[in-house]
Amino acid sequence: MSSRVFTSPLFLGFDHLEQIIERAAKTSSEGYPPYNIEQLSTTSLRITIAVAGFIMDDLQITQEDNQLVIRGRQNDETQGRIFLHRGIAARQFQRAFVLAEGIEVKGAWLDNGLLHIDLVRPLPDAKIKTIAIKKGASSQAGFGTARSLDTNGLDPSAVKRRIAERDREQE
């Protein structure tokens, strides 16, 4: 059961964003492994995950669409060993982060049991577009009911007059 976030008719085309929010809500809330998200600047972030006991070969980082997925799997090298107490378990994990569109993974490194992943969010280019407003019927903008008009052999000004006459007749 999903509840719509953007219920206002003024939010057009936000279906994709709703899906991202739903996916983030479904992401595992398990606390292992612990992590930090740090803002380094206005355009860069760092995710730091505590992965003590893991080596580089045990870890995998992938970007699947707009999800950053970190997986860890340790080899259980306990054969032949006898534990009187075992409080450190070799366990696997998967941690996923939903990335906003445009965020790029710049790199990752493992240092003293901490996996660091740097992300960059480039500043968007300001896009301003002026939309021309045309005078006349809505059919000129590509909307409305399609109507045929014989314009064979007429010059453009005569075509405009015929369209205007036809539209007045329709009113």
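Close Cβ contacts (under 8 Å, 6 or more residues apart or on different chains) running from residues in the range 97-109 that are closer than 15 Å to residue 64 by Cβ to residues that are in a strand (DSSP E or B) and of a type in the set (S, T, N, Q) comprise 97/67; 98/67; 99/63; 99/67; 105/63.
Considered as a group, the residues in the range 32-60 that are in contact with a strand residue (DSSP E or B) (Cβ under 8 Å, 6 or more places away or on another chain) and hydroxyl-bearing (Ser, Thr, Tyr) include one that is nearest to residue 122 (Cα to Cα), and that residue is 43.
Return yes or no: is residue 52 touching a residue at least 60 places away in the same chain (Cβ under 8 Å), loosely packed, with under 13 Cβ neighbours inside 10 Å and more than 27 Å from the chain's Cα centre (by Cα)?
Here the answer is yes, as residue 52 does meet what is asked.
Which members of the range 116-133 meet the condition of being closer than 28 Å to residue 19 by Cβ, surrounded by 15 or more Cβ atoms within 10 Å (Cβ to Cβ) and over 15 Å from the mean Cα position of the chain (by Cα)?
First, pick out the residues of the range 116-133 that are closer than 28 Å to residue 19 by Cβ: 117-127, 129.
When the remaining residues are screened for being surrounded by 15 or more Cβ atoms within 10 Å (Cβ to Cβ), the result is 117-121.
Scanning the range 116-133 gives 117, 118.
Values quoted throughout were computed directly from the atomic coordinates according to the rules given, and no laboratory measurement underlies them. Remember, predicted model here, so these are calculated numbers, not experimental data. When we count neighbours, we look across all protein chains shown, and the Cβ atoms used for this are built from the backbone with ideal geometry, even at glycine.
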